[in-house]
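Note sheet for the following structure.
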Amino acid sequence: MAVDVETIRQLPKVDSVEWIKPGQVISDTHFQSLRDLLQSRKRMTLIGKNGCVIIASVKEELLIIQSQPNVNLGSIDLILDSI
């Protein structure tokens, strides 16, 4: 998994890639709040004018990817599908 995360970090316009574990808090958002957003989904992409955030559920952890506008979401999807 570490190699795949490093590949995502190297994509143009990707700002950050973080793993969130149960009980952890990121930017005042609790793990369970993010897990509740996903509900039965494996992945969610939130797109705004200043960039996007991809939240992916991998086993018991969440992978949070933050990017600038116009990032190649297809590349990220391919990498996430391989994890």
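Using just the alpha carbons, could you tell me how many Å³ per residue the convex hull of the chain encloses?
Working: hull volume 7.5 nm³, N = 83.
With only Cα atoms used, the chain gives 90 Å³ per residue.
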Report summary line: Here FRET efficiency (C-beta to C-beta, Val58 to Lys13, R₀ 30 Å, nearest 0.05) is 0.85
Requested in this report: Considering only lysines 8 or more places apart in sequence, or on different chains, count the pairs in the chain whose C-alpha atoms sit under 20 Å apart.
Outcome: 4
Query raised in the report: Sorted by average packing, counted as other Cβ atoms within 10 angstrom per residue and highest first, what order do 52-60, 24-32 take?
Result: 52-60, 24-32
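We did not get these values from a lab; they are worked out from the coordinates using the rules stated. Quantities reported herein were computed from a predicted structural model and do not represent experimental measurements. Here the Cβ is made from the backbone with ideal geometry for all residues, glycine too, and neighbour counts use every protein chain on show.
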